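Enquirer: Here it is: the structure, laid out below.
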Amino acid sequence: MAYSVGRHIPPAITQDTPEDNTYRYVTAQVMVYVATGLHISTDVARAISAYWQDPFNAFGVFASTGEIYPSFYGDIQRELSLLDPEQCFPEIMMLRALSAYVEGSSDLTYSSITVDQI
């Protein structure tokens, strides 16, 4: 059974919530994702999102509220396209883990609204 966290339903299977959201725990979960494909936890996804937040993208909304705006996936892909693979490997892996988390999630605000509810 799916449950909501913030304003979205996370992927069906994720890593456990870490002790805290320090860089050490975030990096550890990203490395597990890279090695196994197991989604990062919601807390880690929101922590990664906070690294890239600004007033003009959906990262800050997700980091603060857990809401996935329709533009979020595109914002992640845009950030990925700006990074140099030779100089930003850890950041690229973080964004790829976040991208996979978002792809595996369901957004309660946008994707679950039916015509009857409008």
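The values are calculated or read from the model by the stated rules, or taken from the named source; none is laboratory data. Here the structure is a predicted model, which means the values were calculated and not measured. Quick reminder, even Gly has a Cβ in these numbers, built from the backbone with ideal geometry, and neighbours come from all protein chains shown.
Enquirer: Which of (1) farther than 15 Å from Q29 by Cβ; (2) buried (at least 19 other Cβ atoms within 10 Å of the Cβ); (3) among the hydrophobic types (A, V, I, L, M, F, W, C) does M94 not meet, given it meets every other one?
Expert: (1)
Enquirer: Please go through region 28-82 and pick out each residue that is touching a residue at least 40 places away in the same chain (Cβ under 8 Å) and small (G, A, S).
Expert: Passing the criteria: G37, A45, S49, G66.
Enquirer: Here's another thing I want to ask about it. Right, Y101: assigned to a helix (DSSP H, G or I) and in contact with a strand residue (DSSP E or B) (Cβ under 6 Å, 6 or more places away or on another chain) or not?
Expert: Numbers: assigned to a helix (DSSP H, G or I): yes; in contact with a strand residue (DSSP E or B) (Cβ under 6 Å, 6 or more places away or on another chain): yes.
Yes.
Enquirer: Turning to a different aspect of this structure: Could you pull out the residue among Y33, Y73 that is aromatic (F, W, Y), crowded, with 21+ Cβ neighbours inside 10 Å and either within 15 Å of V102 (Cβ to Cβ) or within 13 Å of the chain's Cα centre (by Cα) (or both)? Quick ask: steps written out before the conclusion?
Expert: Details: Y73 fails: crowded, with 21+ Cβ neighbours inside 10 Å.
Selected residue: Y33, the only one of Y33, Y73 that is aromatic (F, W, Y), crowded, with 21+ Cβ neighbours inside 10 Å and either within 15 Å of V102 (Cβ to Cβ) or within 13 Å of the chain's Cα centre (by Cα) (or both).
Enquirer: Would you point out the residue of region 10-30, among those that are more than 15 Å from M94 (Cβ to Cβ) and buried (at least 17 other Cβ atoms within 10 Å of the Cβ), that is modelled with the highest pLDDT?
Expert: Ranking the candidates gives T14 first.
Enquirer: Report yes if some residue within region 42-59 is polar (S, T, N, Q), surrounded by 19 or more Cβ atoms within 10 Å (Cβ to Cβ) and touching a Leu at 6+ places or on another chain (Cβ under 7 Å); otherwise report no.
Expert: Yes, the conditions are met somewhere in region 42-59.
Enquirer: Same structure, new question: For residues in region 38-70 being outside any helix (DSSP H, G or I) and among the hydrophobic types (A, V, I, L, M, F, W, C), which is farthest from V102 (Cα to Cα)?
Expert: Taking region 38-70 and keeping what is outside any helix (DSSP H, G or I), we get 38-41, 52-58, 66-70.
Filter once more, keeping what is among the hydrophobic types (A, V, I, L, M, F, W, C): 38, 40, 52, 56, 58, 68.
Numbers: L38: 13, I40: 10, W52: 15, F56: 19, A58: 12, I68: 8 Å.
Checking each candidate, the answer is F56.
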